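Engineer: I'd like to ask you about the structure that follows.
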Amino acid sequence: MLRLNKIIGLSPSIKALRELIKLLGPSDSTVLIVGESGTGKELVANALHECSGRAAGPFVPVNCGAIPKDLLESELFGHKRGSFTGAISDRKGRFQLADKGTLFLDEIGDMSMDLQVKLLRVLQERTVDPVGSIGSIPIDVRVIAATHQNIEALIDEGRFRKDLYYRLNIMPIEVEPLAERAEDIPLLIEHFSRQQAKALQAPISISPESMRLLLAYDWPGNVRELSNLVDRYTALYAQQEVDLHKVPASMVPSGLRKLMQGQESQNRTLGEDEISRRVARKLDHVVTHLVGTPARNAKGIDIPSRDSSIDEIQRVINLAQGGPDFPDEGVELKQHLLEIEQRLIKEALSKAQGNVSKTARLLSLRRTTLIEKINKYGMQ
């Protein structure tokens, strides 16, 4: 379970991923791992191998996008001496090298269509035909494939075989991007800091303000980018606390620099996001005030015992909805509060372009709480 312990995080998605690996590991079924680049798909594949009955056998990775198309067939299936120029001896392919173990085909979406046909036959027949060979060689290999691409979109574009997709996608696993599990960032920073610190040296730490910036950052390079950043700052600021505002601009990712500039701008003027958060906090205050007041009006609606609270409610409703003055006939307070909450969530989702983690941060909510509210209101 060594590799399983290297999948760092306490977020619900990472906990579920570790449980899924333990469940699928003992199976010999083919697995397709999908996720953005840098999310740790090879780490997941290695963990599946080590949780399987093939752990004593080899784990052989192949990056299908890094090997030229003309050489990939020989790399995968092997070749016979004299089968092409430069083939001065017989050579085993990766399938044969992975016998009794696991073959990891990374970036399977980059494989050419002609090789896809040959791979499909290998998966069906469990034999390989080395280039230049006149006979087939049986293999005993578990195949795990991975891609950062949308395979179904590639199928629609005619760049990936549908039958191969169904052959690979027996056991699908999706690895979430780092931005969707921001709660894991402090643990990952601590892990990489300890890993990259030199012997007898203390790991670096991150200042509280800088940690807030890192939690808000989108991490387009995912865990790989985070690891590289910790490596960079370990070299620059060994055993020190890192303050991003004191780091040379060239050593800060461009997206993180923009975030820092935006923060400085917000320090000078109240931003739109802060207004939304203040409205949300004010609504919470009003709802809390109403809980302890059992008085009801003629319509059976809970009302506070003090007239000043009605003025407060009116002000908040007007602020959140931008509506007219308080109507003479009154309002359905609970329904208005629900509508205000829905509107704020919709506006925050729109501003965050549908990113749930960003939306939760805009509304000062836990991600799981926000998801419950989105499901409750039937939002997409």
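The values are calculated or read from the model by the stated rules, or taken from the named source; none is laboratory data. Since the structure is predicted, the reported quantities are computational estimates derived from the model, not experimental observations. Please note: Cβ atoms are built from the backbone with ideal geometry, for glycine as well, and neighbour counts cover all protein chains shown. For accessibility, only protein heavy atoms count, side chains too; no ligands or nucleic acids. Shrake-Rupley method; radii C 1.70, N 1.55, O 1.52, S 1.80 Å.
Engineer: For segment 39-67, enumerate the residues that are over 17 Å from residue 141 (Cα atoms) and either in contact with a Ser or Thr (Cβ under 7 Å, 6 or more places away or on another chain) or open to solvent by less than 60 Å² (accessible area, probe 1.4 Å) (or both).
Structural biologist: Result: 39, 40, 41, 43, 44, 64, 65, 67.
Engineer: Can I ask one more? Here are 376, 346: which of them is modelled with pLDDT of 80 or more and open to solvent by 60 Å² or more (accessible area, probe 1.4 Å)?
Structural biologist: None of the others qualify; the one that does is 346.
Engineer: Being in a loop (DSSP other than H, G, I, E, B), surrounded by 13 or more Cβ atoms within 10 Å (Cβ to Cβ) and of a type in the set (D, E, K, R), is that true of even one residue in segment 167-174?
Structural biologist: No: zero hits.
Engineer: Moving on. Tell me, please, whether a residue that is open to solvent by 20 Å² or more (accessible area, probe 1.4 Å), among the small types (Gly, Ala, Ser) and under 30 Å from residue 220 (Cα atoms) can be found in segment 68-85.
Structural biologist: No, segment 68-85 contains no residue that is open to solvent by 20 Å² or more (accessible area, probe 1.4 Å), among the small types (Gly, Ala, Ser) and under 30 Å from residue 220 (Cα atoms).
Engineer: Ok, one more. Taking the stated definitions as given, is residue 93 buried (at least 19 other Cβ atoms within 10 Å of the Cβ) and more than 30 Å from residue 205 (Cα to Cα)?
Structural biologist: yes
Engineer: So which of 153, 146 ends up being within 27 Å of residue 37 (Cα to Cα), part of a helix (DSSP H, G or I) and under 24 Å from the mean Cα position of the chain (by Cα)?
Structural biologist: Matching residue, one of 153, 146: 153.
Engineer: Output the residues belonging to segment 155-164 that are open to solvent by 10 Å² or more (accessible area, probe 1.4 Å) and either of a type in the set (A, V, I, L, M) or in contact with a strand residue (DSSP E or B) (Cβ under 8 Å, 6 or more places away or on another chain) (or both).
Structural biologist: Result: 155, single match.
Engineer: Same structure again: Considering only segment 187-202, state which residues are over 25 Å from residue 22 (Cβ atoms) and in contact (Cβ under 8 Å) with a residue 12 or more places away in the chain.
Structural biologist: If the condition is that a residue be over 25 Å from residue 22 (Cβ atoms) and in contact (Cβ under 8 Å) with a residue 12 or more places away in the chain, then 189, 193, 196, 197, 198, 201, 202 are the ones that fit.
Engineer: Consider segment 22-38. How many of its residues are touching a residue at least 40 places away in the same chain (Cβ under 8 Å) and either open to solvent by 10 Å² or more (accessible area, probe 1.4 Å) or not in a loop (DSSP other than H, G, I, E, B) (or both)?
Structural biologist: Matching residues across segment 22-38 total 11.
Engineer: Test each condition in (1) at pLDDT 95 or above; (2) surrounded by 14 or more Cβ atoms within 10 Å (Cβ to Cβ) for residue 243 and report the one that comes out false.
Structural biologist: (2)
Engineer: So, in segment 57-75, exactly how many residues are without any contact (Cβ under 8 Å) to a residue 24 or more places away in the chain, of a type in the set (A, V, I, L, M, F, W, C) and over 25 Å from residue 228 (Cβ atoms)?
Structural biologist: 1
Engineer: Can you tell me how many residues in segment 210-240 are open to solvent by less than 60 Å² (accessible area, probe 1.4 Å), closer than 25 Å to residue 352 by Cα and not polar (S, T, N, Q)?
Structural biologist: Residues flagged as open to solvent by less than 60 Å² (accessible area, probe 1.4 Å), closer than 25 Å to residue 352 by Cα and not polar (S, T, N, Q) within segment 210-240 amount to 12.
Engineer: If I filter segment 222-264 down to residues being touching a residue at least 24 places away in the same chain (Cβ under 8 Å) and part of a loop (DSSP other than H, G, I, E, B), which single residue comes out as nearest to residue 182 (Cα to Cα)?
Structural biologist: 253
Engineer: Further question on the same structure: Would it be correct to say that residue 180 is assigned to a loop (DSSP other than H, G, I, E, B), in contact (Cβ under 8 Å) with a residue 60 or more places away in the chain and farther than 26 Å from residue 53 by Cα?
Structural biologist: no
Engineer: Residue 201: assigned to a helix (DSSP H, G or I) and modelled with pLDDT under 95, yes or no?
Structural biologist: no
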